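Report on one structure; see the data block that follows.
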């Protein structure tokens, strides 16, 4: 079922001064919770911290839902702007920037691969994570916003202050760099 974000936000904005329409906000929460939570899983290792940061993000979104302006961008971009500020604030306080291994981000479905294939995939994810951790923080942030947050290049550009073209270049170069490193790894394993 598609959620009409604009209509829900309009309804919330009108109700904000009196009583927040819980059902309307719950629809937005249900729609965006998985993406926001996954974004935080890419930014920190502690699951309890991810829970707290996700809760803070939605609390701030609820408190400031009347500030959302559709003409300035999508709701997803606005929400991930809040999430990014929450994450950066947390990381500034902790003075560290850790990334969670990809194997902790993925659960296997009912059609599990053969054990050998699962081991190879887990090894590839571990290696890829190591290569991602070698990237500069800006590249990791852009990759997380793109692939964990599911944002468009335009939305990422608006959040980061980069041009849309620059975001595309960063993504292209980062992915090309990671692909080349993974190909070298595969070549080394083949020997």
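Computed from the coordinates by the stated procedures, all read-outs in this text should not be read as laboratory data. In this text, all values refer to a predicted model and were calculated from it rather than measured experimentally. Don't worry about glycine lacking a Cβ; one is built from the backbone with ideal geometry, like all the others, and counts go over all protein chains shown.
Starting from 0.36 nm per residue, how many nanometres of slack lie between residue 184 and residue 120 once their C-alpha separation is accounted for?
21.5 nm
Report the far tail of the P(r) of the stretch 108-191, meaning the percent of Cα-Cα pairs longer than 23 Å.
37
At 0.36 nm per residue, minus the direct Cα-Cα distance, what do residue 23 and residue 177 gain on full extension? Give it in nm, one decimal, please.
Length difference between fully extended and current span is 51.0 nm.
Sort 147-157, 132-142 for me by packing, meaning the mean count of neighbouring Cβ atoms within 10 Å per residue, highest on top.
147-157, 132-142
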